[in-house]
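A.B. asks: I am attaching a structure below and will ask some questions about it afterwards.
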Amino acid sequence: MTDSGLEFDLTRRIGGFILRGRASLPACGIVSVSGSSGAGKTSLLRAIAGLDSGLSGQVRFAGETWHDGTCRMPVHRRRIGIAFQDTRLFPHQSVAGNLAYGAARAPAGTPGPDRAEIIALLDLHPLLKRAVAGLSGGERQRVSLGRALLSRPRLLLLDEPLSAVDTARRNRLLPDLRQLLLDHGIPALHVSHSRAEIAQLADHVLPVRDGQCGACHPLNDWLAAQDASHPFSLLEGHLAGHDTENGLSTVRLGEASLVLPGLGEVPAGASLRLIVRARDVALALDPVPGLSIRNQIPVRIKGIRPQPGTAYCDLDLALDGQVLTARITRAAADSLSLETGQSVIALIKSATLDPAQE
């Protein structure tokens, strides 16, 4: 690990529950903490933030010791932005007042997103004069996230920050939130039960189970391990536009484009990640006219991997600098005389934002 990342080796007993966490996390990007309810995800974030006593071990960030056997840095000096699921807003202040509290915590001259950028991202302008008590759960969570971002944190801790936000708004928000964090170089630890949210937001995933942290994995590897029997590809692109009359949207993947339904709630221009299941990709030697599959994309075969004990093989296909995986029968591959380096047409039947969606 370099001195610019987050490193911890900690233990905390909470009644009969023992949290043991050890990891070296990247200095930039977003790490999602994944695990079942009660696994210790929130306890881990609280331990890193310094919110609880009874912690033993070490926590270091950017070469700075936050906690060890001889010192415990106060929470405010760590310059952490925290957005909890239960929001913890100040009930006696308006939305604008809560946001102002976050902004007041940002040291003068500190780089980061400005107020207008955050208000636009979270669609907070209509809420600014409202009292916190009158907000819905999703509105409160958006305000809490805005307050955390306005503090211009060195590290952002997000504990189920969008769990009460409706799916349509969450789909609009996630790509822009990820881009804002990357643009301003704000690393984040993000807790979520939603595999779709993790797929759209994370760069790496840290699993937690029964109070134990596992190894931190790149997002692709973690997603693949969730259901190894049903492989898929994670393709990055941006939404080029909508055909509202037909309910279709165009996603650009470099030079290639996919036309897909079900993305009408994602704003044009947004970056996004598409889940394409290997079973939803067929292959042809040439474009096929008169076919209901609209997405016929030229690709090149990078590799062919027979699946032992099955009738299938997986093909890795080069697509504008990304890899698309197709699963077809070995008999089909033989009949088409497919081989590495060959140019073929990928027939993509469907794609989704949610890896759990069938």
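The values are calculated or read from the model by the stated rules, or taken from the named source; none is laboratory data. Quick caveat, the model's predicted, so the values are computed rather than measured. When we count neighbours, we look across all protein chains shown, and the Cβ atoms used for this are built from the backbone with ideal geometry, even at glycine.
A.B. asks: Has region 80-94 got at least one residue that is under 16 Å from A188 (Cα atoms) and not hydrophobic (A, V, I, L, M, F, W, C)?
C.D. replies: Scanning region 80-94, I find at least one residue that is under 16 Å from A188 (Cα atoms) and not hydrophobic (A, V, I, L, M, F, W, C), so the answer is yes.
A.B. asks: Would you tally the residues in region 216-238 being modelled with pLDDT of 85 or more, under 16 Å from S350 (Cβ atoms) and surrounded by fewer than 21 Cβ atoms within 10 Å (Cβ to Cβ)?
C.D. replies: Qualifying residue count, region 216-238: 2.
A.B. asks: Would you mind listing the strands (runs of 3 or more DSSP E) fully within region 41-86 where at least 3 residues are crowded, with 16+ Cβ neighbours inside 10 Å and in contact with a strand residue (DSSP E or B) (Cβ under 7 Å, 6 or more places away or on another chain)? Don't jump to the end; show me each part of the working.
C.D. replies: Details: elements: 55-61, 64-67, 80-83.
Per the criteria, 55-61, 80-83.
A.B. asks: If we scan region 161-175, do we find a residue that is touching a residue at least 12 places away in the same chain (Cβ under 8 Å), in a helix (DSSP H, G or I), assigned by TED's automatic domain parsing to the domain that holds I48 and under 24 Å from A47 (Cα atoms)?
C.D. replies: No: region 161-175 contains no residue that is touching a residue at least 12 places away in the same chain (Cβ under 8 Å), in a helix (DSSP H, G or I), assigned by TED's automatic domain parsing to the domain that holds I48 and under 24 Å from A47 (Cα atoms).
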